[in-house]
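Novice: Handing you this structure, nothing more for now.
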Amino acid sequence: MLRLILRRCAEAIPALFAIATITFFMVRLAPGGPFSSEKNTDPSVLASLNAHYGLDKPLYVQYGLYMFKALQGDLGPSFKYPGRSVNEIIAGAFPVSLELGLLAISIALVCGMSAGLLASLRPRSLLDHIPMTIAMTGMCVPTFVLGPILVLGLGLGLQLFPVSGWNGPLDRVLPSLTLAAPYAAYIARLMRGGMLDVLPKDFIRTARAKGVSEIGIILRHALRGGVGPVVSFLGPASAGIITGSFVIETIFAIPGLGRFFVLAAFNRDYTMILGCVLFYATLIILLNLLVDILLAWINPRLRGAS
C-alpha cells in the first residue's frame, strides 16, 4: 500500500507541473489583459498597474517568478479583488463548494446504489426496468438543463425550495439534486451490473445452500464484490462533480469557488485562474489516490498490480 501511495505521488509531480505550465501560457497568450477592460484608463496608470503586478516583465520571467512562488504555496494576488490573495479567496470559497460536492456525491451514492441493488435482485422485471429507465433519462439530461427545470417546477412553480443563495438547509436541496442526478444514474447502472456479475458466482450458491438468508448473502457476500465498479467510478465522478459545480454555482448563485473561477475567466484574472486550476488538479489527484487505496483495500489482489 505504501508503494502505491509513493508511486501515485511521484506521478502527480510532473502532471501538476505540466498543468501549471500549459495553463500559464494559455491564459497569458489570450488577447487582452486583466486591466484592458477598464474604460478610460490613463496609459500611465495602466503602465503603473502592469509594473506593480510584474506584467511588464518578459513572459518567461513572469513564468519563472510564478512557479517559484507556487512551489512555496503562494498563488499570488488577485487582479480582480485588490488586497486579497488567491489563497485567501480559495480558503473562503472552497468550503461552500466542498459542502455542495459532499451533498451531491452522498445523494448520488445512496440513490444510485439503492436503485441498482433493487434492479439486480429482480432482473428483467418492473423493479428492474423502471429504475433503469429513470437512470438512462438522468444520464441523457445535462445539469444546465435539469437545473432550470427544477427551478421552474419545484422552486417557482410549487415554491418548495429557494432558487438561489446558500443560507439555510433548504437552499442546498435544488443544487445538490441537480449536481447528483447524472452521477446517481451512472452509479445505478454500475451497481446493477456489478451485482448481476457476482450473484451467479459459486460462493453465492454455496452460501444459499448453507441456509444463509438472502439479506445476509447480499450484505456479507455479494455487496463487497458488486460495489467494485461503483468504487472505480468514484474517481471520475468526484472530478465531474467538482468541475460540474462551476455550472451549478452559477445557475443557483452559490458563492463557491467554481463561481469565482468562472468570473476570473471573464475578468482575465490570471492568478485566480491559475490558482483554481492548480488547486482543483491537486484535489482531483488526491481523490483518485483515495479511490485507488479503497479499491486495494476491497480487493487485495490489486495491491500487487498497482
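Novice: Applying the selection to the range 100-128, what residues are open to solvent by 70 Å² or more (accessible area, probe 1.4 Å) and in a helix (DSSP H, G or I)? Steps first, answer last, please.
Specialist: To start, the set of residues in the range 100-128 that are open to solvent by 70 Å² or more (accessible area, probe 1.4 Å) comprises 102, 110-111, 118, 122, 124, 126-127.
Across the range 100-128, the qualifying residues are Leu102, Val110, Cys111, Leu118, Leu126, Leu127.
Novice: Please go through (1) surrounded by 10 or more Cβ atoms within 10 Å (Cβ to Cβ); (2) at pLDDT 80 or above; (3) over 30 Å from Leu294 (Cβ atoms) for Leu29 and return the number of the only condition it doesn't satisfy.
Specialist: Leu29 satisfies every listed condition except (1).
Novice: Among the numbered criteria (1) in a helix (DSSP H, G or I); (2) loosely packed, with under 15 Cβ neighbours inside 10 Å; (3) not aromatic (Phe, Trp, Tyr), which one does Gln159 miss?
Specialist: (1)
Novice: Which of the numbered conditions does Ile241 fail, given that it passes all the others? Conditions: (1) open to solvent by 40 Å² or more (accessible area, probe 1.4 Å); (2) under 17 Å from Leu174 (Cα atoms); (3) aliphatic (A, V, I, L, M); (4) within 13 Å of the chain's Cα centre (by Cα).
Specialist: (1)
Novice: A further question follows. Which of (1) modelled with pLDDT under 85; (2) surrounded by 11 or more Cβ atoms within 10 Å (Cβ to Cβ); (3) out of contact with any helix residue (DSSP H, G or I) (no Cβ under 9 Å at 6 or more places or on another chain) is the odd one out, the single condition Gly83 does not satisfy?
Specialist: The single condition Gly83 does not satisfy is (2).
Novice: Against the condition part of a helix (DSSP H, G or I) and open to solvent by less than 10 Å² (accessible area, probe 1.4 Å), how does Ile254 come out, does it pass? Walk me through how you get there before you give the answer.
Specialist: On the way: part of a helix (DSSP H, G or I): no; open to solvent by less than 10 Å² (accessible area, probe 1.4 Å): yes.
So Ile254 does not fit the description; no.
Novice: Which condition breaks for Leu174 when tested against (1) more than 23 Å from the chain's Cα centre (by Cα); (2) over 27 Å from Val227 (Cα atoms); (3) not small (Gly, Ala, Ser)?
Specialist: Among (1) more than 23 Å from the chain's Cα centre (by Cα); (2) over 27 Å from Val227 (Cα atoms); (3) not small (Gly, Ala, Ser), the lone unmet condition for Leu174 is (1).
Novice: Please state which of the following conditions Pro200 fails to meet, knowing it meets all the rest: (1) buried (at least 17 other Cβ atoms within 10 Å of the Cβ); (2) more than 23 Å from the chain's Cα centre (by Cα); (3) over 18 Å from Val231 (Cα atoms); (4) not charged (D, E, K, R).
Specialist: Of everything listed in (1) buried (at least 17 other Cβ atoms within 10 Å of the Cβ); (2) more than 23 Å from the chain's Cα centre (by Cα); (3) over 18 Å from Val231 (Cα atoms); (4) not charged (D, E, K, R), Pro200 misses just condition (1).
Novice: Here's a follow-up. For a quick check of your reading: which helices (runs of 4 or more DSSP H) sit entirely within the range 163-247 and have at least 2 residues that are within 30 Å of Arg124 (Cβ to Cβ) and of a type in the set (Lys, Arg)?
Specialist: Working: elements: 173-198, 202-209, 223-226.
Hits in the range 163-247: 173-198, 202-209.
Novice: Filter the range 50-66 for residues that are part of a loop (DSSP other than H, G, I, E, B) and either at pLDDT below 75 or surrounded by 12 or more Cβ atoms within 10 Å (Cβ to Cβ) (or both) and give the result. Step through it out loud before you land on a result.
Specialist: Residues of the range 50-66 part of a loop (DSSP other than H, G, I, E, B): 53-58.
Hits for the range 50-66 are Tyr53, Gly54, Leu55, Asp56, Lys57.
Novice: Does any residue of the range 138-154 turn out to be outside any loop (DSSP other than H, G, I, E, B), open to solvent by 80 Å² or more (accessible area, probe 1.4 Å), of a type in the set (Val, Ile, Thr) and under 21 Å from Ala180 (Cα atoms)? Don't jump to the end; show me each part of the working.
Specialist: Initial filter on the range 138-154 (outside any loop (DSSP other than H, G, I, E, B)): 138-140, 143-154.
Next, from what is left, pick out any that are open to solvent by 80 Å² or more (accessible area, probe 1.4 Å): 140, 144, 149, 152.
When the remaining residues are screened for being of a type in the set (Val, Ile, Thr), the result is 149.
Narrowing the set further to residues that are under 21 Å from Ala180 (Cα atoms) leaves 149.
Checked the range 138-154: at least one residue is outside any loop (DSSP other than H, G, I, E, B), open to solvent by 80 Å² or more (accessible area, probe 1.4 Å), of a type in the set (Val, Ile, Thr) and under 21 Å from Ala180 (Cα atoms).
Novice: Follow-up question, since we're still on this one. Just need a number here: residues in the range 162-189 that are in contact with a Pro (Cβ under 7 Å, 6 or more places away or on another chain) and open to solvent by 20 Å² or more (accessible area, probe 1.4 Å).
Specialist: Of all residues in the range 162-189, those in contact with a Pro (Cβ under 7 Å, 6 or more places away or on another chain) come to 166, 170-171, 188.
After this cut, where a residue has to be open to solvent by 20 Å² or more (accessible area, probe 1.4 Å) as well, the list is 166, 170.
Summing the residues that are in contact with a Pro (Cβ under 7 Å, 6 or more places away or on another chain) and open to solvent by 20 Å² or more (accessible area, probe 1.4 Å) in the range 162-189 gives 2.
The values are calculated or read from the model by the stated rules, or taken from the named source; none is laboratory data. Please read all numbers here as calculations on a predicted model, not as lab measurements. Every residue, glycine among them, receives a Cβ derived from its backbone with ideal geometry; neighbour counts consider all protein chains shown. In case anyone asks, the SASA skips ligands and DNA or RNA and just uses the protein heavy atoms, side chains included. Shrake-Rupley method; radii C 1.70, N 1.55, O 1.52, S 1.80 Å.
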